[in-house]
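> Mind having a look at this structure? Questions to follow.
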């Protein structure tokens, strides 16, 4: 049986591209895209704001103090990764966290084998929750990032 990195015919390299198992590759790509989307401070801030519920893009722009074009890029990355959903109402655009996608990430992290000295089971959920900060109480780090952005302008 083929695994990631092994051709389906059991041979080393003779099976060609058609011999690879596309279902595993497709799943890996989806998770890689999602983790890529989580690898940026601005996108993590956006997710933190959306944790409180659906928000209008104008609210996100004002809170993050970003140009609309820059925020639009980050929203597209999150949307393409399936981490947020989008709806239009008249001339306004609203975004929300896709809870199913976040649940899939939590399940994926739960399947990752633990190494020696790693955190105990259950802490991965806390790590994921910490990666997506809540907008309820602005973290000192978020305030520092906002100040740095203002200084760079």
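> What residue, of 45, 41, is farther than 21 Å from residue 107 by Cα, loosely packed, with under 15 Cβ neighbours inside 10 Å, modelled with pLDDT of 70 or more and under 25 Å from the mean Cα position of the chain (by Cα)?
After applying the criteria, what remains is 41.
> Before we move on, is residue 132 closer than 28 Å to residue 28 by Cα, touching a strand residue (DSSP E or B) at 6+ places or on another chain (Cβ under 9 Å) and at pLDDT below 85?
yes
> Quick one: which of 70, 88, 43 is out of contact with any strand residue (DSSP E or B) (no Cβ under 6 Å at 6 or more places or on another chain) and assigned to a strand (DSSP E or B)?
Going through 70, 88, 43 in turn, just one is out of contact with any strand residue (DSSP E or B) (no Cβ under 6 Å at 6 or more places or on another chain) and assigned to a strand (DSSP E or B): 88.
> What do you reckon, is residue 32 under 30 Å from residue 112 (Cβ atoms), at pLDDT below 85, under 22 Å from the mean Cα position of the chain (by Cα) and assigned to a helix (DSSP H, G or I)?
Here the answer is no, as residue 32 does not meet what is asked.
> Could you check how many residues of the stretch 64-84 are surrounded by fewer than 17 Cβ atoms within 10 Å (Cβ to Cβ) and more than 23 Å from residue 100 (Cβ to Cβ)?
Of the residues in that region, 7 qualify.
> Criterion first (closer than 15 Å to residue 105 by Cβ and in contact (Cβ under 8 Å) with a residue 40 or more places away in the chain) does residue 78 satisfy it?
Numbers: closer than 15 Å to residue 105 by Cβ: yes; in contact (Cβ under 8 Å) with a residue 40 or more places away in the chain: yes.
Answer is yes for this residue.
The values are calculated or read from the model by the stated rules, or taken from the named source; none is laboratory data. What you see is a predicted model, and the numbers here were worked out from it, not measured in a lab. Cβ coordinates were reconstructed from backbone atoms using ideal geometry, including for glycine residues, and neighbour counts include every protein chain displayed.
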